[in-house]
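The values are calculated or read from the model by the stated rules, or taken from the named source; none is laboratory data. For clarity, every value in this text was computed on a predicted model and none was experimentally measured. Backbone-built Cβ (ideal geometry, glycine too); neighbour counts: all protein chains shown. The protein model used for the area step is the full one, side chains on, heavy atoms only, and it has no ligands, DNA or RNA in it. Shrake-Rupley method; radii C 1.70, N 1.55, O 1.52, S 1.80 Å.
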Amino acid sequence: MRQSIEKAYEAAREQYAAFGMDTERAMEHLAHIPISLHCWQGDDVGGFENTGAALGGGLAATGNHPGKARTPDELRADLDAALALIPGTHRLNLHAMYAETGGARVDREALEPAHFTAWIDWARNRGMGMDFNPTFFSHPLASQGFTLTHPDASVRAFWIEHGKACRRIAAAMGQALGSPCVSNVWIPDGFKDTPADRLGPRERLRDSLDALFAEPLDAAHVRDAVESKLFGIGAESYTAGSHEFYLGYAVSRGKMLCLDAGHFHPTETIADKISATLLFLDEILLHVSRGVRWDSDHVVVLNDDLHAIAQEIVRGGFVDRVHIGLDYFDASINRVAAWTIGARNMLKALLAALLEPAHALRELELSGDYTGRLALMEELKCMPLGAVWDYYCITRDTPPGALWLDKVRAYEKDVLVKRDV
């Protein structure tokens, strides 16, 4: 197997070299691009609070595949199983609802770094960084669909304190792991039907965010991000945190903007927003997902949208300014496989972009040779990316091709199905 992969790679290397592309350099570059894996794929956004509150916030996990993680240790074991199948060193994206409180009831505004010590130790032992999110859903005080925009000042105050606590936790993670932790704020607030007042909730959201971010924290440890949404279940007619709101907030307050692939109209792609926003922002955060008809958080596949995202990151020279995270949850298939498929596809798209002769394409465009540009773009689609990908995998001690699926099926048989007995 290895010999045939090496032979195919040598042929592919020569083909890419004919276009002026260095496969070795591309693979080395890819090895330094981390993908932030989202913990919530492993347990269907359940968390470990046991508050009794429904998932809520317009979120829904469908399916009942065997082996959902029930404890922090099970979730970490499942993440280890996935990470062993994904070449490179990556990150973990954690939600506040995954705190470990030793059985004590600790409400969200009182969370502290100590409640995430096991997660930090786990990441440190693997040489990984972490990212973090306050959890503005699945809580009694979010049951009406309003958090930072709530008309009741006392409810807003609770969620502001939760956001402040999470920023401190994120800073502690970044300091402990020696890598800045991206702390991302997303809220579900909105109206099912047409509101009479669109301005008021946004004024409250602006002021709540200003209070939440008021404490100065070291940017070497934590980077703040804000995330928009077009609509959600129960908020079909209006969301306070629209793209326009958060773009204005991020630019005016010096925050990072999060672009989620499922949070826009189906005819939009976040690829086109990358260069537009980075003209005015230092960094952005991407939540890479796949919407089917709506923001349905399907597992990321290697489609045109994913290729376009990767191309924009690479063509613009934005690799160091774009933080890439996955964001989906599918309970209808093996959850370890869902992580693996999505992450490997994101890396494949980045590898394809790194092997693209962007300079040649740009020169054709600048000279007005649109025929040549289109012809070259189409020819590149038939280049032997798979041969380079398989070689990249074996040189990083991960299974090439579909061999990773055998590992997942063995893990399911030996570990996952036994959880449901």
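Which net charge results when you count Lys and Arg as +1 and Asp and Glu as -1 among the other residues whose beta-carbon is under 14 Å from that of Trp294?
On the way: positive: Lys229, Arg290, Arg293; negative: Glu236, Asp260, Glu268, Asp295, Asp297.
Once all neighbours under 14 Å are counted, the net charge is -2.
Amide H to amide H, which residues 5 or more places from Met256 or on other chains are under 5 Å from it, using H placed in the peptide plane?
Here Asp224, Ala225, Val226 satisfy the definition.
Given the Cα atoms of segment 224-370, and with Rh set as the inverse mean 1/r over their pairs in the Kirkwood sense, what is Rg to Rh to two decimals? Before the final figure, lay out each step's value.
Details: Rg = 16.1 Å, Rh = 16.2 Å.
Looking at segment 224-370, the ratio lands at 0.99.
If you project the alpha carbons of segment 26-89 onto the principal axes, what extent comes out on each, in Å, largest first?
47, 25, 21
May I have the pair-distance distribution P(r) for segment 206-282, computed from all Cα-Cα distances with 5 Å bins from 0 and rounded to whole percent?
Histogram of Cα-Cα distances, whole percents per bin: 3, 14, 24, 24, 18, 12, 5, 1.
Roughly how many Å² of Thr135 are accessible to a 1.4 Å probe, to the nearest 10?
The accessible area comes out at roughly 0 Å².
Could you name the lysines in cross-link range of Lys164, using Cα to Cα under 18 Å and dropping any fewer than eight places away on the same chain?
Result set, ordered by chain and number: Lys255.
Once the Cα gyration tensor of segment 49-192 is found, what semi-axes does its equivalent ellipsoid get, as square roots of 5 times the eigenvalues, in whole Å, sorted largest first?
Working: eigenvalues 143, 71, 40 Å².
Square roots of five times the eigenvalues give 27, 19, 14 Å.
In 10 Å bins starting at zero, report the fraction of Cα pairs in segment 143-234 per bin as a rounded %.
In order of increasing distance, the bins hold 16, 44, 27, 11, 1 percent.
Could you give the nm distance between label points at Val251 and Asp369, where each point is 7 Å from its Cα heading toward the beta carbon?
Rounded to a tenth, the inter-label distance reads 3.7 nm.
Tell me the Rg and the Dmax, in Å, that the Cα atoms of the chain produce.
Rg, Dmax (Cα atoms, Å): 21.8, 68.
Tell me the carbon and sulfur percent of the accessible area for the chain, rounded to whole percent, probe radius 1.4 Å. Don't jump to the answer; show the numbers that get you there.
Numbers: 9460 of 18270 Å².
Ligands and nucleic acids excluded, carbon and sulfur reach 52 percent.
To the nearest µm²/s, what D does Stokes-Einstein give for segment 1-127 at 4 °C and 1.567 mPa s, using the Kirkwood radius over alpha carbon pairs as Rh?
So the translational diffusion coefficient is about 72 µm²/s.
Rounded to the nearest Å, what's the spacing between the alpha carbon centres of segment 150-164 and segment 340-383? Just the number, please.
First find each Cα centre; the distance between them is then 47 Å.
Report the calculated FRET efficiency for Ala276 and Lys418 (r = Cβ-Cβ distance, R0 = 51 Å), to the nearest 0.05. Display every interim value, and only then the final one.
Numbers: r = 49 Å, r/R0 = 0.97.
Step by step, r from the Cβ atoms, then E = 0.55.
May I ask for the Rg/Rh ratio of segment 294-345, computed from Cα atoms with Rh as the Kirkwood radius, given to two decimals?
Taking Rg over the Kirkwood Rh, I get 1.02.
Could you do me a favour and compute the accessible area per residue for the chain, 1.4 Å probe, result in Å²?
Numbers: 18270 Å² over 421 residues.
Per-residue accessible area for the chain comes out at 43 Å².
For q = 0.17, 0.25, 0.33 Å⁻¹, what log10 I(q)/I(0) does segment 176-220 give under the Debye formula with an equal point scatterer on each alpha carbon and no solvent?
These q points yield log10 I(q)/I(0) values of -0.67, -1.02, -1.25.
How much space per residue, in cubic angstrom, does the convex hull of the C-alpha atoms of segment 248-335 take up? Intermediate results must be reported in sequence, preceding the final value.
Numbers: hull volume 9.3 nm³, N = 88.
Cα convex hull per residue, to the nearest whole number: 105 Å³.
Accessible area of Tyr249, 1.4 Å probe, to the nearest 10 Å²?
Near enough 10 Å² of accessible area.
Can you give the FRET efficiency to the nearest 0.05 for Arg2 and Glu28, using r as the Cβ-Cβ distance and R₀ = 22 Å?
Working: r = 20 Å, r/R0 = 0.91.
With R0 = 22 Å, the Cβ-Cβ based efficiency is 0.65.
In segment 285-381, if every C-alpha pair distance is counted and binned at 5 Å from zero, what percent goes to each bin?
All Cα pairs, binned at 5 Å, distribute as 2, 12, 20, 21, 15, 12, 9, 5, 2, 1 percent.
With every protein chain in place, what's the accessible area of Thr62 (1.4 Å probe, Å², nearest 10)?
Only protein atoms counted, so the area is about 100 Å².
Can you give the Kirkwood hydrodynamic radius for segment 344-417, in Å, rounded to one decimal and based on Cα pairs? Could you put the intermediate results ahead of the total?
On the way: mean 1/r = 0.0674 Å⁻¹.
Taking the inverse mean of 1/r over all distinct Cα pairs, segment 344-417 comes out at 14.8 Å.
Summarise the long-distance tail of P(r) for segment 52-107 by giving the % of C-alpha pairs beyond 14 Å. Please list the in-between numbers first.
Details: 1103 of 1540 pairs.
Across segment 52-107, Cα pairs with separations above 14 Å total 72 percent.
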